[in-house]
């Protein structure tokens with residue numbers, strides 16, 4: 001029982017992190033029609049900027065703020081430099097463009113910093129645990145969960161209550177329709193990329209907390225892939241589906257790691273992705289995906 | 001009587017294969033002449049070509065980007081390696097392999113064969129999921145496939161030897177053997193692209209809805225393409241194992257994925273020739289950047305060693321290709337397009353085909369009926385209990401203001417959308433609500449917003465439809481003669497070799513009619529056939545529609561806003577307003593009916 005509760009917290013915490021990444025992907029997809037393969041590099045960039053600033057002796061809290069800020073700027077620059085020229089082309093074209101951007105950014109980090117793993121000095125308090133009612137909770141898990149939930153709630157509030165949120169949700173429903181209503185889609189896209197950068201940045205901070213500050217040039221890959229699969233599982237074009245998919249993936253990962261025999265733990269990712277493919281066998285449009293009826 | 005288009009243009013395939021074999025021949029001669037690292041580089045490049053062609057067969061024809069094929073190459077390599085290696089060698093790496101794999105060896109030839117067979121079966125099973133998804137979601141699933149394979153190879157140590165890889169595979173693949181396989185795969189990819197199954201996949205890529213209306217099943221088409229291409233990729237992987245003698249999971253992960261994507265797209269994903277060009281360009285470029293990344297000195301400037309240089313090169317190639325054209329250097333062209341002049345490949349004999357019925361010798365009399373069809377979207381009732389009837393050999397008109405439900409009714413009649421209630425009947429048999437089913441039952445259609453297979457030739461557009469039902473109708477020869485007659489009537493004879501999206505608007509509309517008629521239907525539904533046409537063109541279309549009904553015995557439903565055109569053409573009119581049928585009768589009665597006049601004048605529409 002105690003173990004179940006601990007795993008539950010762990011699952012929620014990892015799931016919330018994936019949800020942040022997946023929501024960022026989904027927001028860009030709904031407003032721009034782009035599946036951003038370079039989304040994971042926003043996580044990597046945040047981590048390396050945080051690392052660079054802490055090496056210079058800047059306090060951790062300031063360093064992560066710098067990391068978040070860089071993530072937002074990087075996302076906007078990505079759109080401006082690489083993605084805007086392929087706007088309106090088939091989704092495959094923009095996907096492959098982001099594929100190339102991802103490769104270039106990883107290579108740049110290898111060239112500028114190092115191909116090897118580095119460690120970010122973090123707030124040491126994060127490494128501890130709290131004992132509540134006989135249960136041991138690693139602090140990073142609790143903090144991750146709290147921060148991720150606050151970020152998700154803030155996003156929900158923004159999407160539901162503000163004008164720009166309304167426009168983004170409208171775009172998710174019907175991008176052409178929103179354009180016809182006179183929404184400046186250019187501004188919408190910039191905001192969407194900025195938000196996706198911020199969400200990826202927050203996820204990066206949480207991932208660093210989880211891994212004890214260990215970072216490498218390819219660290220963005222697995223969270224991004226999981227987020228991709230979360231988006232597909234939740235249903236393309238559905239923002240709620242992305243969040244749901246993220247939580248499901250987090251839970252699956254934590255439970256499989258806990259219950260699989262030691263020799264099979266390495267196969268966790270493979271098993272999760274196989275389960276997702278089976279779900280899609282039953283529901284090809286994803287859990288919350290709608291079948292899009294084309295205008296004939 | 002010649003066919004509208006040849007089923008397979010052998011000449012094209014032969015010329016292409018010969019031309020593309022030239023650079024491969026030079027490469028293999030250099031490889032066998034030099035040996036050492038150059039030979040190795042060239043042979044690996046030819047193996048990469050096999051894998052890239054495998055991906056091209058799927059991605060080029062269906063338009064779905066796949067990362068999963070690198071996973072199939074990995075599986076092919078590992079299975080070949082494990083099956084081909086001698087038990088005493090395997091004992092060291094994987095003594096506890098499952099299925100007793102460490103106890104026996106099949107040898108390289110049988111090993112490769114069995115490995116490819118296993119991967120093909122696995123790919124087929126996976127394909128049943130992916131082919132139903134389609135589009136960009138399918139791409140994401142293929143990515144999941146790659147990661148699953150990588151994780152299994154990396155972490156199922158008992159089977160694969162784990163991250164350190166598997167070695168001791170008998171090195172049996174020579175450069176010449178790889179060359180032979182590469183040429184063979186080149187021919188397969190070319191034949192597939194030009195054959196009916198390939199054309200069907202391309203039709204689905206161009207317009208899924210129209211493909212279905214032509215009787216093509218998108219999932220089935222994608223599934224075959226996927227399975228064939230997986231088998232090719234697995235062969236490439238198997239050859240790599242037999243050439244290198246050792247493999248690691250990392251050999252088949254993101255680096256190879258990025259490289260093959262760059263090779264495929266820089267040359268042009270829709271082009272087999274493009275794959276060859278892409279492999280050459282990327283291999284050469286990669287070598288140059290690998291050399292540069294070792295550090296060099298120009299005058300006073302010293303550039304230090306940079307391990308990431310080749311990645312930057314690949315990334316830039318991908319981004320620049322996408323931003324500049326998106327379709328690569330070749331687009332959908334092939335090498336032979338620069339050599340052979342396009343000529344009229346088709347001979348159409350009009351005299352012979354006069355007055356031949358599609359259906360059979362005797363006159364078939366059937367009736368297509370909408371039996372109180374209703375459709376609601378959400379809560380909104382778009383069509384309310386409409387009855388409509390057309391007999392073979394008759395032309396009926398369907399008019400009404402914009403938004404009155406005409407297109408929705410047409411969509412239900414042609415199976416594009418299922419009715420909320422009511423049924424579509426031919427005589428007294430219900431027609432299932434799917435486009436493929438409707439087209440098989442003899443209901444063809446055109447679309448209001450033209451939906452051609454834009455990147456395919458006019459002949460291919462027609463051939464796809466002809467082929468999906470052709471042989472099932474009573475007399476295929478006569479039927480094709482009739483189609484030829486329609487083609488010449490519609491002035492499409494001279495443009496058969498042109499791509500559909502290069503035709504002027506009027507001809508595109510005509511091609512849609514010809515394509516629908518190539519299904520040899522009993523009934524054809526024409527959605528605004530003369531929209532945007534001038535009077536001369538309208539008159540031509542009217543002539544053709546009359547011919548369809550009178551000479552070929554087809555029942556025609558015409559939707560249009562051009563009242564003089566439609567009232568002259570039809571023997572009976574149906575008028576809709578706000579989803580309801582408000583009138584039916586002769587054109588004469590229609591002109592005088594108050595309700596009709598009110599509906600048209602009242603709505604402010606013409």
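Read-outs: derived from the displayed coordinates by stated rules, not from any lab. Predicted model, so just to flag it, every value in this text is computed and none were measured. Glycine gets a Cβ as well: all are built from the backbone with ideal geometry, and neighbour counts include every protein chain shown.
Would you calculate a helix-derived [θ] at 222 nm for chain B, using -39,500 (n - 2.57) for each DSSP H run of n ≥ 4 and dividing by the full residue count, to the nearest 500?
On the way: 23 runs with 327 residues, N = 606.
Rounded to the nearest 500, the figure is -17500 deg cm²/dmol.
Between residue B:220 and residue B:501, the distance separating the two model label sites (each 7 Å from Cα on the Cα→Cβ line) works out to 2.7 nm.
Considering only Cα atoms, the convex hull volume of the stretch B:97-179 works out to 138 Å³ per residue. Alpha carbon centre of the stretch B:371-450 versus the stretch A:119-160: separation in Å? Computed from Cα coordinates, the inter-centre distance equals 57 Å. Projecting label points 7 angstrom from Cα along Cα→Cβ for residue B:535 and residue B:171 puts them 8.2 nm apart.
Which FRET efficiency value, to the nearest 0.05, do you get for residue B:38 and residue B:196 by plugging their Cβ-Cβ distance into 1/(1 + (r/R0)^6) with R0 = 51 Å? All intermediate terms of the calculation are to be shown ahead of the outcome.
Numbers: r = 42 Å, r/R0 = 0.82.
So the FRET efficiency works out to roughly 0.75.
Specify the residue with the greatest mean-square fluctuation among A:69, A:247, A:236, computed from a Gaussian network of chain A linking alpha-carbon atoms under 10 Å apart. Result for chain A, Cα springs under 10 Å: A:69 fluctuates most.
By the Cα gyration tensor, the protein assembly as shown has an equivalent ellipsoid whose semi-axes, rounded to whole angstrom, run 52, 36, 25 from largest to smallest.
Which of A:282, A:271, A:215 moves most in a GNM of chain A, Cα contacts under 10 Å? Answer for the Gaussian network model of chain A: A:282. P(r) for chain A, from all Cα pairs and a bin width of 10 Å, is 7, 27, 35, 23, 7, 1, 0 %, short bins first. Inter-chain Cβ neighbour count for B:124-133, averaged per residue, equals 3 (cutoff 10 Å, partner chain atoms only). Label-to-label distance, residue B:284 versus residue B:488, with points set 7 angstrom from Cα along the beta-carbon direction: 4.9 nm.
Using a 10 Å cut-off on Cβ atoms, rank the peptides B:531-543, B:391-403 from the highest mean neighbour count down. All intermediate terms of the calculation are to be shown ahead of the outcome.
On the way: B:531-543: 15.2, B:391-403: 21.2.
Averaged packing, sorted descending, gives the order B:391-403, B:531-543.
Of all DSSP-defined beta bridges confined to chain B, some 60% are antiparallel rather than parallel.
For the stretch B:578-600, backbone nitrogen atoms closer than 20 Å to the point 7 Å from residue B:402 Cα along Cα-to-C-beta are found at B:578-580, B:597-600. When a/c is below 1.5 the answer is rounded, else prolate if a/b is larger than b/c, else oblate, so apply that to the stretch A:1-141 with a ≥ b ≥ c taken from the square roots of the Cα gyration tensor eigenvalues. Cα axes put the stretch A:1-141 in the oblate bin.
Angle of helix B:36-55 to the longest C-alpha principal axis of chain B, folded into 0 to 90 degrees and rounded to 10: 20°. To the nearest ten degrees, helix B:196-206 and the longest principal axis of the Cα atoms of chain B are 80 degrees apart. DSSP beta bridges fully contained in the protein assembly as shown are about 65 percent antiparallel.
Each of A:190, A:265, A:231, A:254 was scored by other Cβ atoms within 10 Å of its Cβ. Arranged with the fewest first, they read A:265, A:190, A:254, A:231.
Taking other C-beta atoms within 10 Å as the exposure proxy, B:156, B:291, B:226 rank B:291, B:156, B:226 from fewest upward. Here the stretch B:561-589 and the stretch B:24-101 have alpha carbon centers that stand 65 Å from each other.
Given a cut-off of under 8 Å on Cα pairs at least six residues apart, what relative contact order in percent is computed for chain A? Here the relative contact order equals 35 percent. In chain B, the longest principal axis of the Cα atoms and the axis of helix B:254-267 are about 50 degrees apart. Under 16 Å from the 7 Å Cα→Cβ point of residue B:292, by amide nitrogen: which residues of the stretch B:305-337? Hits in the stretch B:305-337 for residue B:292 at 16 Å: B:305-321.
Residue by residue along A:268-278, Cβ atoms of other protein chains within 10 Å of the local Cβ number 5 on average. With a Förster radius of 41 Å applied to the beta-carbon distance between residue B:104 and residue A:222, the computed FRET efficiency rounds to 0.65. Roughly how many Å is it from the Cα centre of the stretch B:104-174 to that of the stretch A:220-296, as a whole number? Between the Cα centres of the stretch B:104-174 and the stretch A:220-296 lies a distance of 22 Å.
With a Förster radius of 30 Å applied to the beta-carbon distance between residue A:157 and residue A:8, the computed FRET efficiency rounds to 0.70. Stokes-Einstein, applied to the Kirkwood radius of chain B over Cα pairs at a viscosity of 0.890 mPa s and 25 °C, places its translational diffusion at 91 µm² s⁻¹.
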